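The values are calculated or read from the model by the stated rules, or taken from the named source; none is laboratory data. It should be emphasised that the depicted structure is a prediction, and the values quoted were computed from it without experimental measurement. Please note: Cβ atoms are built from the backbone with ideal geometry, for glycine as well, and neighbour counts cover all protein chains shown. Just the protein is used for accessible areas: all its heavy atoms, side chains included, with ligands, DNA and RNA removed. Shrake-Rupley method; radii C 1.70, N 1.55, O 1.52, S 1.80 Å.
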Amino acid sequence: MITIIGSGRVGATTAAFLMFFELDNEITLIDVIKNLPQGEAVDLNHAAAILGKSVRYKGSNDYKDMEGSDIVIVTAGLARKPGMTREELAAKNAEIVASVADQIKKYAPNSIVIITTNPLDAMVYVLYKKLGFPRNRVIGFSGVLDSNRMAYYASLLIGIAPESIIPVVLGQHGENMYPVPEASFVYGKPLTEFITKDQYDDIVKKTIQAGAEITNLRGFSSNWGPAAGLSLMVDSIKKDRKRIFEASVYLDGEYGVRDVFAEVPVVLGKNGVEKIIELKLNDEQRKKFLASIDAIKKNLTQVPPQYLS
Ligand SMILES: NC(=O)c1ccc[n+]([C@@H]2O[C@H](COP(=O)([O-])OP(=O)(O)OC[C@H]3O[C@@H](n4cnc5c(N)ncnc54)[C@H](O)[C@@H]3O)[C@@H](O)[C@H]2O)c1
């Protein structure tokens, strides 16, 4: 069974994508709002009936209903409003994530947990500390989105499909993320061989601002991209495909940093994070990567201390 905690935009859209990918035949939606997850479940069951998908959705306000889940996706929390940064959400969402962690520990102690709640790298840290699960089972969702946004913007300029580009974005999921076009490849050639310096700067800028652009345009943050990315991550875990995705994971010496969650490439399989891929960074890249890590550490200072241990 897959449980999604938080039945808002990201949660409900992800629930639908999991059906399209046929990743489980039991999907539970949980939320604190009375009748919201139940209503989503009824609608999704109708969609499944129309599409002939053998999945049963259940909506609930009781965390006990996640019992038996092998994967738990946490999308609970406040989302950005136009003009807000992800960081402004820190204190309130830390409280929500800590309370959700207690419930996951109680009812799904062996699950692999993926979280989207922002500010992402700080919230996955809170989740990890409160769950006490091994680090391979606690994963922050962000990198699949950030890196493929970069592939998308690059593809528009070079006329090659985004899926033929292996994009690299490192560090923070936020204004200080570090897109690295020179470490991104198009069938063995660095992406930088296909673009000018101005195009490089344009791709980096658009990648960093992608989330804010959506929020400013329509008044609420992204859901389609996150749902697509989460589905691919769940697919790799459920089917033990060992695909490489970027994700925010606990670094314990990798990339020369410790005790911090940050976006890096990882192998996802049945055990969750099965390997962290360490890219070789030159001095300048390392400096930019560490600046991004500093921004994550600053986000952690915005989280009340009781949620950090
Ligand atoms: N990591 C990413 O790439 C990424 C992308 C998009 C959104 N996000 C973040 O994901 C989170 C969800 O975004 P959204 O657009 O779905 O927001 P939303 O407001 O549509 O939904 C959030 C839901 O969480 C529920 N909730 C709050 N506290 C809860 C609790 N204790 N238990 C269960 N449910 C609870 C709310 O009732 C609401 O239905 C936000 O923090 C947002 O910033 C992250």
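Overview of results
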{"quantity": "Scan of the stretch 253-309 for residues that are in a loop (DSSP other than H, G, I, E, B) and among the hydrophobic types (A, V, I, L, M, F, W, C), ordered by number", "calculated": "Val257, Ile277, Leu279, Leu281, Val303, Leu308"}
{"quantity": "Single match in Glu26, Glu22, Glu40, Glu67 (criterion: open to solvent by 40 Å² or more (accessible area, probe 1.4 Å) and in contact (Cβ under 8 Å) with a residue 40 or more places away in the chain)", "calculated": "Glu67"}
{"quantity": "The stretch 182-197, subset among the hydroxyl-bearing types (Ser, Thr, Tyr) and either part of a helix (DSSP H, G or I) or surrounded by fewer than 19 Cβ atoms within 10 Å (Cβ to Cβ) (or both), residue farthest from the chain's Cα centre (by Cα)", "calculated": "Thr196"}
{"quantity": "Number of the condition not met by Ser99 [criteria: (1) within 14 Å of the ligand (Cβ to nearest atom); (2) without any contact (Cβ under 8 Å) to a residue 60 or more places away in the chain; (3) farther than 30 Å from Ala295 by Cα]", "calculated": "(3)"}
{"quantity": "The stretch 239-286: number of residues that are open to solvent by less than 20 Å² (accessible area, probe 1.4 Å) and either of a type in the set (Gly, Ala, Ser) or farther than 23 Å from Arg149 by Cα (or both)", "calculated": "9"}
{"quantity": "Selection count, the stretch 163-181, where residues are buried (at least 16 other Cβ atoms within 10 Å of the Cβ) and in a helix (DSSP H, G or I)", "calculated": "1"}
{"quantity": "Output for the stretch 55-102, where each listed residue is within 27 Å of Phe21 (Cα to Cα), at pLDDT below 95 and either touching a strand residue (DSSP E or B) at 6+ places or on another chain (Cβ under 6 Å) or β-branched (Val, Ile, Thr) (or both)", "calculated": "none"}
{"quantity": "Close pairs (8 angstrom Cβ cut-off, 6 or more residues apart or separate chains): at positive phi in the stretch 201-225, surrounded by fewer than 19 Cβ atoms within 10 Å (Cβ to Cβ) and not aliphatic (A, V, I, L, M) anywhere", "calculated": "Gly219/Lys81; Gly219/Pro82"}
{"quantity": "Residues that are away from the ligand (no atom under 16 Å from the Cβ) and open to solvent by less than 40 Å² (accessible area, probe 1.4 Å), drawn from the stretch 216-238", "calculated": "Asp235, Ser236, Ile237"}
